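Written below as structure tokens is the structure these notes are about.
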Amino acid sequence: MKSIKASAPATVANVSCGFDIFGFAVEAPADEVIVTLTDKPGVTITKIIGDDGRLPLEASKNTCGVAVLEFLKAVNSKYGAEIILYKNLPLGSGMGSSAASSAAALVAINELHGNPLTREQLLPFAMESERIACGSAHADNVAPSLLGGFVLIRGYAPLDVATIPTPANLFCTLVHPHLELKTEDSRRVLKPTIPIKDAITQWGNIAGMVVGLMKPDYGLIQRSLNDVVAEPIRSVLIPGFYTIKEEAIKAGALGCGISGSGPTIFALSTERTIAQTVGEAMQKQFDLLQLKSDVFVSKINGEGAMILKG
Ligand SMILES: Nc1ncnc2c1ncn2[C@@H]1O[C@H](COP(=O)(O)OP(=O)(O)O)[C@@H](O)[C@H]1O
Ligand SMILES: N[C@@H](CCOP(=O)(O)O)C(=O)O
């Protein structure tokens with residue numbers, strides 16, 4: 001039976017002010033899958049490479065398995081699927097690890113069926129797999145990983161997403177300390193309500209970010225990269241967070257914040273060389289804390305998940 005290989009990139013969710021409503025895709029790292037159609041109904045994950053045996057092979061517990069099961073049900077497919085997952089993203093990283101596996105598997109299974117659904121129509125299946133991973137069907141990782149670019153989730157009920165144009169000169173630095181933070185746990189620490197004065201600050205920044213990206217106005221982007229809702233609470237879970245943020249801005253970044261629910265920290269810069277210097281400055285702080293880390297520098301990835309040749 002036919003096989004397709006696909007990849008889907010890491011993502012930065014929230015982008016400081018946009019908790020659960022902003023996310024963008026980066027160029028690397030990315031998860032890869034090989035999906036093969038089978039005559040036997042159901043989904044089997046035959047192999048996972050790169051996870052040190054930590055991820056479930058059971059399809060109903062693995063995000064790529066859940067997403068493909070949901071797809072097959074929705075299109076009333078007569079086929080089943082076998083999946084090999086190349087787990088290149090670190091687990092519990094705040095880089096949308098759980099989302100990348102499901103996004104890659106969805107574009108592959110859709111292609112194997114002749115693309116009956118659009119990328120937007122694949123989103124609910126990926127969101128269902130996020131529910132399995134962390135108990136919440138948030139879309140700010142799966143939407144940019146599937147669609148590419150900088151995505152706004154305008155609403156959840158009904159789902160309403162829009163891609164925000166981004167300036168060509170916007171580079172992302174990701175610094176991933178070798179720590180794990182489960183999204184489920186870092187959602188649990190958040191308060192259920194926020195004071196009105198924080199809400200005003202936050203929605204001003206959200207609107208500022210959209211206008212800043214669209215104009216583009218880097219000063220406005222810089223002023224809008226602020227989070228008074230999640231960052232003050234979650235930052236305590238990331239060693240050295242505020243020093244690292246300060247060093248990133250000193251090194252020339254427009255702004256810096258927690259990527260998704262952490263522990264990865266992201267920064268945005270207007271030049272690749274600045275983004276690299278920013279990465280070195282951030283990594284140095286983790287080194288001082290005796291914490292190993294990896295640095296990734298890339299442009300915003302406008303393409304998202306893709307079918308790979310061979
Ligand atoms: N294919 C997958 N990739 C990553 N995590 C997965 C996958 N399938 C299930 N999970 C589960 O999801 C959880 C990690 O998700 P999460 O905490 O959201 O990490 P991240 O911030 O990197 O997306 C883990 O408990 C893991 O076992
Ligand atoms: N909006 C979510 C995003 C979680 O991203 P992840 O990459 O940490 O899974 C949140 O902040 O909880």
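Every number in this text was worked out from the coordinates using simple rules, so none of it is lab data. Fair warning: this is a prediction, and the values are worked out from it, not measured in the lab. All Cβ positions, glycine included, derive from the backbone under ideal geometry; neighbour counts span all protein chains shown.
Here, P(r) means the percent of Cα pairs in each 10 Å bin from 0 to the largest distance; for segment 171-299 it is 13, 41, 35, 10, 0. Computed from the Kirkwood radius of its Cα pairs, the Stokes-Einstein diffusion coefficient for the chain at 4 °C and 1.567 mPa s stands at 67 µm²/s. Taking θ as phi - 60° and the Karplus parameters 6.51, -1.76 and 1.60, the scalar couplings of segment 35-49 work out to 10, 10, 6, 10, 6, 7, x, x, 10, 10, 8, 7, 7, 10, 10 Hz in sequence order, x denoting glycine and proline. Taking 35 Å as R0, compute the FRET efficiency from the Cβ-Cβ separation of Leu117 and Val189 and round it to 0.05. Computed FRET efficiency for Leu117 and Val189: 0.45.
Applying a length cut-off of 15 Å (Cα extent along the axis) and a mean Kyte-Doolittle floor of 0.5 to the DSSP H helices of the chain leaves 63-74, 97-112, 196-214.
Here Lys197 is the anchor, and the lysines within straight C-alpha reach of less than 26 Å, apart from those fewer than 8 places off in the same chain, are Lys245. In terms of its C-alpha gyration tensor, segment 224-294 has an oblate overall shape, because the principal axis ratio a/c (a ≥ b ≥ c, square roots of the eigenvalues) is not below 1.5 and a/b does not outweigh b/c. With contributions of -39500 (n - 2.57) from each DSSP H run of at least four residues, the per-residue ellipticity at 222 nm computed over the chain stands at -11000 deg cm²/dmol.
Which of rounded, prolate or oblate describes segment 268-310 when judged by the alpha-carbon gyration tensor and an a/c cut-off of 1.5? Oblate. When the listed pairs Lys40/Lys182; Lys61/Lys299; Lys87/Lys182 are checked against a 24 Å cut-off, the alpha-carbon distance exceeds it for Lys40/Lys182; Lys61/Lys299.
The Rg/Rh ratio of segment 3-164, with Rg taken over Cα atoms and Rh as the Kirkwood radius over Cα pairs, comes to 0.94.
Taking Pro192, Pro116, Pro90 in turn, the Gaussian network model of the chain (Cα-Cα springs below 10 Å) assigns the largest fluctuation to Pro192.
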